[in-house]
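S.K.: Pasting a structure here, questions to come.
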Amino acid sequence: MPMNIDLKNLTIAKAQDALKKGEFTSVQLTQAYLDQIALKNKDINAYLEVYGDALKAAAHADELIKAGQAGPLTGIPLAIKDNILVKGKIASASSKILENYHATYNATVISKLGRERMVFLGRTNMDEFAMGGSTENSAFGVTKNPHDTSRVAGGSSGGSAAAVAMDGALCALGSDTGGSIRQPASFCGVVGLKPTYGAVSRYGVMAMGSSLDQIGPFTKTVEDSEILFNAIRGVDVHDSTTITEETYSPARIGAKKPVIGVPRDFLKGDGIDPAMLAAFEKSLAVLKGKGYEIKDISLPNISYSLMVYYVLMPAEVSSNMARFDGVKYGLYVDGADGIADYFETRGAGFGREVIRRVLLGTYVLSSGYYDAYYNRANAVRAMITEDFNKAFQSVDIIATPTTPSAAFKIGEKTADPVAMYLEDIFTVTANLTGMPALSIPCGTTTIDGKELPLGLQLSGRHGDEKTLFEAGKDYEGQ
Ligand code: GLN
């Protein structure tokens with residue numbers, strides 16, 4: 001029976017309740033999302049594939065709900081970024097080289113959510129191998145922003161952000177190496193979390209920069225972000241960098257409310273849209289009104305973070321991409337000999353941005369340049385981390401805008417990689433330092449008659465997502 005479910009105002013928290021009370025079933029809820037996808041995906045291109053077995057999974061969830069055996073996420077529909085492995089399904093990372101590659105095992109996050117009987121709706125579009133900030137680097141077409149289809153949805157997890165924003169999923173998973181969850185969340189007006197490095201297992205997510213990557217949730221509210229984060233976090237024997245939940249108990253500076261630090265010097269660049277700055281100041285005023293102390297802080301080395309990221313990340317990319325050799329996975333192009341096979345396959349399978357980064361990374365790692373670039377960037381990374389550690393001795397949260405501006409036009413930055421890289425100015429620090437960071441919608445700016453979302457970024461101490469959720473929920477309740 002078709003049902004009118006108010007998807008726009010639905011949250012995980014509300015859906016849990018409605019499923020339990022029998023207001024609708026998971027099959028009805030899943031069908032409602034499938035209908036939205038059928039209606040909107042042609043235009044938005046958020047999904048690369050909708051799974052044919054979603055309704056079957058929903059029916060199974062309904063049985064558990066009826067039998068009183070449901071967990072908190074049973075029957076909740078989820079979209080999955082195309083670089084996270086779901087056993088038996090294609091995982092292409094939006095690359096031609098993996099166009100027909102079927103995953104042979106489940107990522108740990110998928111095993112966890114599968115055990116919860118979440119409903120997997122499909123896999124979402126992204127920049128190839130997560131390299132980019134607009135989803136324009138996908139081999140399978142750009143994802144458009146549901147708020148204005150002439151603009152990008154952000155990236156690299158643009159498909160996941162747009163899926164939630166177009167009511168094509170209640171929540172989604174993305175990956176964040178330098179901002180790929182937070183920036184598209186900000187562009188699409190949803191909540192995005194980059195967890196603490198090691199909080200969520202990376203087993204089964206295709207590695208981009210192994211010291212930077214984290215999987216995290218896209219949701220409509222901070223409460224939902226917390227629900228999904230708690231379901232995917234935890235130690236994993238398959239990922240030795242995972243950390244236990246018990247290891248961290250923050251010593252709070254603020255007695256009642258967390259103290260918020262603002263790196264004022266970092267907000268003075270002329271690349272930042274005045275509308276973004278105004279929305280940012282307004283959100284600080286909201287938090288101040290709720291009893292938060294707001295302090296200026298200084299992070300002396302933060303201006304180097306983008307440069308450090310764009311040395312270290314390609315270095316890690318160049319070695320992680322070496323596994324795509326035409327033998328182990330996906331595409332194979334036959335060349336004159338073994339070495340030629342390798343060149344031909346990679347030349348045909350990788351897009352321009354991936355090739356650019358492999359070249360850059362190989363360069364900074366080559367003998368003679370290793371000390372000048374890679375080692376130096378590593379040393380500066382340690383200095384930046386130290387700056388943050390010092391700042392967190394006097395504040396509990398650091399606030400910045402998530403991005404310098406609202407979503408840009410499709411094609412606007414494709415010819416200029418550096419302009420695209422500048423998009424990541426506020427987000428890469430959380431990956432370099434390992435700290436958690438949350439992007440929350442903080443108003444809109446109107447351009448060409450369209451209301452475009454803006455994002456507020458709250459970063460916290462290593463392991464302290466809890467304080468971010470607390471402040472985020474407070475802010476949303478304005
Ligand atoms: N935009 C950044 C980049 O291009 C971030 C990518 C990511 O987080 N995966 O590297």
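The values are calculated or read from the model by the stated rules, or taken from the named source; none is laboratory data. Worth saying up front: this structure is predicted, and the values here are computed from it rather than measured. As a convention, Cβ positions derive from the backbone with ideal geometry for all residues, glycine included, and neighbour counts pool all protein chains shown. We work out accessible area using only protein heavy atoms, side chains counted, and drop any ligands, DNA or RNA first. Shrake-Rupley method; radii C 1.70, N 1.55, O 1.52, S 1.80 Å.
S.K.: Looking at segment 1-149, what % of the alpha carbon pairs are farther apart than 24 Å? Before the final figure, lay out the partial values.
M.R.: On the way: 3968 of 11026 pairs.
Taking all Cα-Cα pairs of segment 1-149, the fraction more than 24 Å apart is 36 percent.
S.K.: Still on this structure: Could you list which residues have their amide H under 5 Å from that of G455, counting only those 5 or more apart in sequence or on another chain, with H placed in the peptide plane?
M.R.: Under 5 Å from the amide H of G455: T402, T403, C442.
S.K.: For the chain, what does the helix formula give at 222 nm: sum of -39500 (n - 2.57) over DSSP H segments with n ≥ 4, over the residue count, nearest 500 deg cm²/dmol?
M.R.: -11000 deg cm²/dmol
S.K.: Return the equivalent ellipsoid semi-axes of segment 276-317 as a descending list in whole Å, where each equals the square root of 5 times an eigenvalue of the C-alpha gyration tensor.
M.R.: 33, 12, 9
S.K.: GluC sites (Glu not before Pro), restricted to segment 411-478: which are DSSP loop and have at most 16 other Cβ atoms within 10 Å?
M.R.: Listed in order of number, the matching sites are E412.
S.K.: Please report, to one decimal in angstroms, the Kirkwood hydrodynamic radius of segment 313-414 built from all distinct Cα-Cα pairs.
M.R.: 17.2
S.K.: Moving to a separate point now. What are the extents of the Cα atoms of the chain along their three principal axes, listed from largest to smallest and rounded to whole Å?
M.R.: Cα extents, longest axis first: 67, 67, 49 Å.
S.K.: Using the C-alpha gyration tensor of segment 88-147, what are the square roots of 5 times its eigenvalues, in whole angstrom, with the largest one first?
M.R.: Details: eigenvalues 108, 48, 18 Å².
Square roots of five times the eigenvalues give 23, 15, 9 Å.
S.K.: So how far apart, in nm, are the two label points at R252 and N378 if each is 7 Å from Cα heading toward Cβ?
M.R.: Roughly 3.9 nm, to one decimal.
S.K.: Would you mind calculating the gained length between D270 and S319 on full extension (0.36 nm times residue separation, minus the Cα-Cα distance), in nm to one decimal?
M.R.: Numbers: separation 49, 0.36 × 49 = 17.64 nm, distance 3.54 nm.
Full extension from D270 to S319 adds 14.1 nm.
S.K.: List every residue whose amide H lies under 5 Å from the amide H of S134, counting only residues 5 or more places away in sequence or on a different chain, with H placed 1.01 Å from N in the peptide plane.
M.R.: HN-HN under 5 Å from S134: G155.
S.K.: FRET efficiency for Y105 and A415, Cβ-Cβ distance as r, R0 = 41 Å, nearest 0.05?
M.R.: 0.55
S.K.: I'm checking a number: the convex hull volume of the Cα atoms of segment 276-350, normalised per residue, in Å³. What is it? Don't skip to the answer; put the middle values down first.
M.R.: On the way: hull volume 12.9 nm³, N = 75.
Normalising the Cα hull of segment 276-350 by residue number yields 172 Å³.
S.K.: Could you work out what % of the accessible surface of the chain is carbon and sulfur, using a 1.4 angstrom probe and leaving DNA, RNA and ligands out of the count?
M.R.: Numbers: 9860 of 18610 Å².
The C+S portion of the solvent-accessible surface of the chain is 53 percent.
S.K.: Then there is this: Could I have the simple spin-label model distance between A38 and K66, label points 7 Å from Cα toward Cβ, reported in nm to one decimal?
M.R.: Label-label distance for A38 and K66, simple model: 2.4 nm.
S.K.: Which ³J(HN,Hα) values, rounded to whole Hz and listed in residue order, are derived for segment 329-341 from phi using the Karplus coefficients 6.51, -1.76 and 1.60 in 6.51 cos²θ - 1.76 cosθ + 1.60 with θ = phi - 60°, glycine and proline given as x?
M.R.: Result, rounded to whole Hz: 9, x, 4, 9, 10, 6, x, 5, 8, x, 5, 5, 3.
S.K.: Past 29 Å, Cα to Cα, is the threshold; run K21/K81; K20/K288; K290/K390; K112/K288; K256/K450 against it and keep the listed order.
M.R.: Working: K21/K81 31 Å; K20/K288 38 Å; K290/K390 26 Å; K112/K288 38 Å; K256/K450 39 Å.
Over 29 Å apart, Cα to Cα: K21/K81; K20/K288; K112/K288; K256/K450.
S.K.: Alpha carbon centre of segment 322-371 versus segment 420-438: separation in Å?
M.R.: Distance between centres, Cα-based: 27 Å.
S.K.: Give me P(r) over segment 57-102, computed from all C-alpha to C-alpha distances, binned every 5 Å, as integer percentages.
M.R.: Using 5 Å bins, I get a P(r) of 6, 20, 19, 13, 13, 13, 10, 5, 2 for segment 57-102.
S.K.: In addition: Reachable aspartates and glutamates from K8, Cα under 12 Å, same-chain residues fewer than 8 places away excluded?
M.R.: Cα-Cα hits under 12 Å: D167.
S.K.: Probe of 1.4 angstrom, ligands and nucleic acids ignored: what's the accessible area per residue over the chain, in square angstrom?
M.R.: On the way: 18610 Å² over 478 residues.
It amounts to 39 Å² per residue over the chain.
S.K.: In addition: If you take every DSSP beta bridge whose two residues both sit in the chain, what share of them, in percent to the nearest 5, is antiparallel? Write out the running numbers ahead of the final one.
M.R.: Working: 34 of 47 bridges.
Of all bridge pairs located within the chain, approximately 70 percent are antiparallel.
S.K.: Please report, to one decimal in angstroms, the Kirkwood hydrodynamic radius of segment 363-478 built from all distinct Cα-Cα pairs.
M.R.: Numbers: mean 1/r = 0.0604 Å⁻¹.
In segment 363-478 this quantity evaluates to 16.6 Å.
S.K.: Taking amide H positions as placed 1.01 Å from N in the peptide plane, with prolines and chain starts having none, which residues 5 or more places from I447, or on another chain, fall under 5 Å of its amide H?
M.R.: L452
S.K.: May I pose another question? Over segment 172-264, one equal point on each Cα, no solvent: what is log10 I(q)/I(0) by the Debye formula at q = 0.10, 0.15, 0.17 Å⁻¹?
M.R.: The Debye formula, applied to the Cα set alone, gives -0.30, -0.67, -0.84.
S.K.: Could you tell me, in Å, what Rg and Dmax come out for the Cα atoms of segment 65-182?
M.R.: For segment 65-182, the Cα-based Rg and Dmax read 14.5, 47 Å.
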